[in-house]
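These notes are about the structure you will find just below.
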Amino acid sequence: MQILVAAPIPMITRLPHNSFELTLTLPAGKIAETREKIITEFVANSEIDGFRKGKAPRSTVEPRLDSQKIKGLIVEELLSQTYTVAIKENNLQPLVNPRVSVVSMEDGKDWEFKAISCEKPTITLGNYKEEIHGLKAKANLWVPGKDLKPDDKDNLKGPSLEELLQTLLKSCSVDLADIFIEEEANKLLSQLLNDTQKLGISLEQYLANTGKTVEQLKADYAERAKQTLSLEFILAEIAEAEKI
């Protein structure tokens, strides 16, 4: 009779900016079971000289297998399942894929990992209405307590979209997690690399043309990512608050 051993309850550590760290454990028994299944599949699909496909004995196939590859396949199969269970048990709603690091992977023992991700940031709208009203007043588009004549309205210019967005960023705050900003910045950098490759320009040439270092480029894109994400959350929060 097979004895099933329950996986240890994942431990959660709350981090700043609505981030969290999960300690994930893969039980040794489940690891052994998964390893057996993977090796059996390799044996069934093996192609070795002197044997028909899948007919080579396990004793011949197994020594030829890459042990690190087997470990990688075990982790690939079990870790995502364990993480999914962990976020459900802790009622978490992660915004980004976890950043996973290995704690221990000793043969014959439980394997342990750390997974860091984040949830929706805390959003503070502040006095954005007053700021925008002030911006409009400064642009002579709107003055508190004063109605504009029809003839005046055609000659008045309001604040630009950029001015409105910058006002929102100044008056509201979004407590974004570093991992969230970094993931968005990496997406922007990947798009830049794709664009430069299409133009036949290397990253080194692009940096030389812009006069920036790799570190400066990463910092620029991190700031751009922070502003983009902040505005998305601010606008969504305003839409919800105003029932738009």
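Explain nothing, just the number: dipole magnitude of the stretch 80-124 about its Cα centre with +1 on each Lys and Arg Cβ and -1 on each Asp and Glu Cβ, in debye rounded to the nearest 20.
260
Three principal axis extents, largest first, for the C-alpha atoms of the stretch 1-118, in Å?
Principal extents (Cα only, largest first): 60, 33, 22 Å.
Along Cα→Cβ, 7 Å out, is where each label goes; now give me the distance between the ones at S59 and H133 in nm to one decimal.
So the label points at S59 and H133 sit 8.8 nm apart.
How do T23, T228, T82 stack up against each other in accessible area, from largest to smallest, with a 1.4 angstrom probe?
Correct descending sequence by accessible area is T228, T82, T23.
Express the carbon and sulfur contribution to the solvent-accessible surface of the stretch 185-244 as a percent, rounded to the nearest whole number, probe 1.4 angstrom. Can you show the working numbers first?
Working: 2200 of 4150 Å².
Reported share for carbon and sulfur atoms: 53 percent.
Once the mean 1/r over all distinct Cα pairs of the stretch 51-143 is inverted, what Kirkwood radius in angstroms do you read off?
Result for the stretch 51-143, one decimal place: 18.9 Å.
Magnitude of the Cβ-charge dipole of the chain, K/R +1 and D/E -1, about the Cα centre, nearest 20 debye?
360
Taking the full set of protein chains and a 1.4 angstrom probe, give the accessible area of T122 in square angstrom, rounded to the nearest 10.
Accessible surface of T122 is approximately 70 Å².
Between A32, S104, S59, whose Cα lies farthest towards the positive end of the dipole of the chain when Lys and Arg beta carbons carry +1 and Asp and Glu beta carbons carry -1, centred on the Cα centre?
Value computed over the given set: S59.
Computed from the coordinates I sent, percent of Cα pairs over 27 Å apart equals one of (1) 49; (2) 43; (3) 62. Tell me the label.
(3)
Run the Debye formula on the Cα coordinates of the stretch 160-211, all scatterers equal and no solvent, and tell me log10 I(q)/I(0) at q = 0.31 1/Å.
With no solvent term, the Cα-only Debye profile gives -1.05.
Tell me which residues come under 5 Å, amide H to amide H, from W111 once H is placed; ignore anything under 5 positions away on its chain.
The list, which skips near neighbours in sequence, is L26, A28.
Please work out the average accessible area per residue across the chain, using the 1.4 Å probe convention, and give it in Å². All intermediate terms of the calculation are to be shown ahead of the outcome.
Working: 16220 Å² over 244 residues.
Ligands and nucleic acids excluded, the result is 66 Å² per residue.
Please report the carbon-and-sulfur percent of the accessible area for the stretch 8-47; probe 1.4 Å, protein heavy atoms only, DNA, RNA and ligands left out.
Accessible surface attributable to carbon and sulfur in the stretch 8-47 totals 59 percent.
The values are calculated or read from the model by the stated rules, or taken from the named source; none is laboratory data. Just so it is clear, the model here is predicted, and its values are computed rather than measured. Note: ideal-geometry Cβ built from the backbone for every residue, glycine included; neighbour counts use all protein chains shown. Protein only, heavy atoms only, side chains kept; ligands, DNA and RNA dropped before computing areas. Shrake-Rupley method; radii C 1.70, N 1.55, O 1.52, S 1.80 Å.
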